[in-house]
Structure formats: structure tokens, C-alpha cells
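Notes follow once the structure below has been shown.
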Amino acid sequence: MENSEKTEVVLLACGSFNPITNMHLRLFELAKDYMNGTGKYRVIKGVISPVGDAYKKKGLISAHHRVIMAELATKNSEWVEVDTWESLQKDWVETLKVLRHHQEKLEASSCDHQQDSPRLERPGRKRKWAEQRQDFGQKELLEPKTKDVPKVKLLCGADLLESFGVPNLWKSEDITRIVGDYGLICITRAGNDAEKFIYESDALWKHRNNIHLVNEWITNDISSTKIRRALRRGQSIRYLVPDLVREYIEKHDLYSPESEERNVGVILAPLQKNTAEANS
């Protein structure tokens, strides 16, 4: 299949990135290899979107630092970049809204590109007909050609997929829209119950063709939680995070027993919001 016939895809990863690790970066490479290997898709970009401070997760340090670390981690990447929109929002933003934001950005960019393209008029046309065609052409240009716009898909690990089952952590309608309108690329490991979880969920089962499960055969158990634990204990994190990230953490002394106590006793933003709405 020619590249022009393949669906272009932008991989979007949302999360704390507290801090970003080599495993986060590997998710993008695994997903890209898989999607390109299907012959149906062509991954053109990866986007890391750190969550804002209003998420209120225990141990979550400032978005300012988390964004900088993500930017340092992707400094030498040719296709993965960091987007700050979500992290700069005053209130916590649902993942569905983040996906919509990035899809609309792509559609606007595509529309702008089409408007910038010159339109050639054939010589000898009557002025009135030319004016009518110009008016029609302008209207046509204002309407984005959706089929040519890259599709945003949510990149995640199996833990996010399984979190769909946590009461009040996600709105059921948001889950349906995420998997139905956008789609998931979920990195799993051998023996993982992702397929069983999809089977047991009516919403996920309905849109199972839009959920891509990618096996991580070369397993990597690095996690932000384990990185923070090592730092609290004064242990080395070399080769677990990019060197520039490690140097930044050490320079600013970012993770400590005190930082891990941040937001202790505070209800996670989505739980607080969804529970309140369910009880109203």
C-alpha cells in the first residue's frame, strides 16, 4: 500500500511523567513499529502531554519541572515532541478533551494548508463565472477534508486500559468516545489480561477493532514510581531515565520524602469530579 493510501496517525500519550523514563519513550517506538507494520497506518508524530498540577496525584511535582524533563528526554527525537497545553490548564482536563484538542489542531492546520495552496484559473473564463467559482472555492477551502487529516490515537500501557474499570475514575461516555472516536494503542506484556478486560467490558468489546494491543516482548519494568523510590533512598537511576533528565533531577533535587507527601489525603481530581457529578 502506497503512503498516500495509508492513514496517518499521531500518537498521543497523556500522564503524569513524574518523571519521564526510558520506558515512556519505548512505548512510542513499540507503537510506531506495530502501526507501521500493519500496512494500514503511517505514524507521523508522537506527542507527550503531561498532566497539569490540578490532577492532585500523590507525589506529583510541579508541571513546570515535568514538562522540562519531558522536553530534555525528547530533545534528540526526530518525531516525538512535548505539548504543554494540558499542563498549563488551571483545572484538570479530561483525556477525551485533550484528544479532541489535538485532533482539532490537526484539522485547523490542514485547513490552513489548503487555504495557502494557490488556485489556478483557466484563461478565457467570463468574469461572472470566475467570481462564482472563486466564491465556491473559498467555501470549499473552509471545509477541512477530514479524510486527509491525520488521526490522533491514545497511546497507553495496560494499566490505563484496566483503570477504565475503577469506579468514578472515568465517565462511561468518555470511555466510549475515546475508544470509538479515536482509538487506543495499548502496550501489553505476555500473560497480561488486557484481552480479558476488553472481553468483560461491553463498551470496549463494541469498539475492539479500534483497540490495538501491542505485545512488549522485550520486557521493561521501569516505572516512575520505582524511580522516585530509588531517588528517595539515594540510589542510582542511571540508564533508567535519559541522562539529561537524571542530571536535571539531581541539579534541582526534585524527588525526596517530602515531595512524595505532596497531595497526601487529597482526592484525585477525576474521582472528586466524577463522584460529585454522579451524586448530584
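The values are calculated or read from the model by the stated rules, or taken from the named source; none is laboratory data. Computed from a predicted model, the values in this text were never measured in an experiment. No Cβ is skipped: glycine too gets one built from the backbone with ideal geometry, and neighbour counts run over all protein chains shown. We work out accessible area using only protein heavy atoms, side chains counted, and drop any ligands, DNA or RNA first. Shrake-Rupley method; radii C 1.70, N 1.55, O 1.52, S 1.80 Å.
Here are a few things to note about the model shown:
- Between helix 243-252 and the chain: long-axis angle, C-alpha atoms, 0 to 90°, nearest 10: 60 degrees
- Residue with peak Gaussian network fluctuation, the chain [Cα springs, cutoff 10 Å], from GLN103, GLN235, GLN89: GLN235
- Where THR275, THR188 fall by accessible area, highest first, once all protein chains stay in place (1.4 Å): THR275, THR188
- Axis angle, to the nearest 10 degrees, between helix 63-73 and the longest C-alpha principal axis of the chain: 80 degrees.
- Simple spin-label estimate for LEU244 and THR275 gives 4.0 nm between the two label positions (7 Å along the Cα-to-Cβ direction from each Cα).
- Taking θ as phi - 60° and the Karplus parameters 6.51, -1.76 and 1.60, the scalar couplings of segment 55-62 work out to 5, 6, 6, 4, x, 6, 7, 3 Hz in sequence order, x denoting glycine and proline.
- Probe 1.4 Å, accessible area per residue of segment 142-231, Å²: 55 Å²
- Charge tally in the Cβ shell below 11 Å around PRO50, where Lys, Arg are +1 and Asp, Glu are -1, PRO50 excluded: -3
- Against the chain, whose longest principal axis comes from its Cα atoms, helix 95-116 is set at around 30 degrees.
- Of ARG246, ARG262, ARG228, the residue with the greatest mean-square motion in the GNM of the chain, using alpha carbon springs below 10 Å, is ARG262.
- Largest GNM mean-square fluctuation across PRO150, PRO257, PRO50, computed for the chain with C-alpha springs under 10 Å, falls on PRO257.
- Identified option (computed Cα Rg over 2.2 N^0.38 Å; candidates (i) 1.17; (ii) 1.12; (iii) 1.06): (i)
- Amide H to amide H distances under 5 Å link THR188 with VAL214, ASN215, GLU216, where only residues 5 or more positions off or on other chains count and H is placed in the peptide plane.
- Shape class for segment 216-262: oblate, because the ratio a/c of the largest to smallest gyration tensor axis (alpha-carbon atoms, square roots of eigenvalues) is 1.5 or more and b/c is at least a/b.
- Total formal charge among the other residues, if their Cβ is under 13 angstrom from that of GLU162, Lys/Arg +1 and Asp/Glu -1: -2
- Here the chain exposes an accessible surface that is 47 percent carbon and sulfur, computed with a 1.4 Å probe and the other protein chains kept in place.
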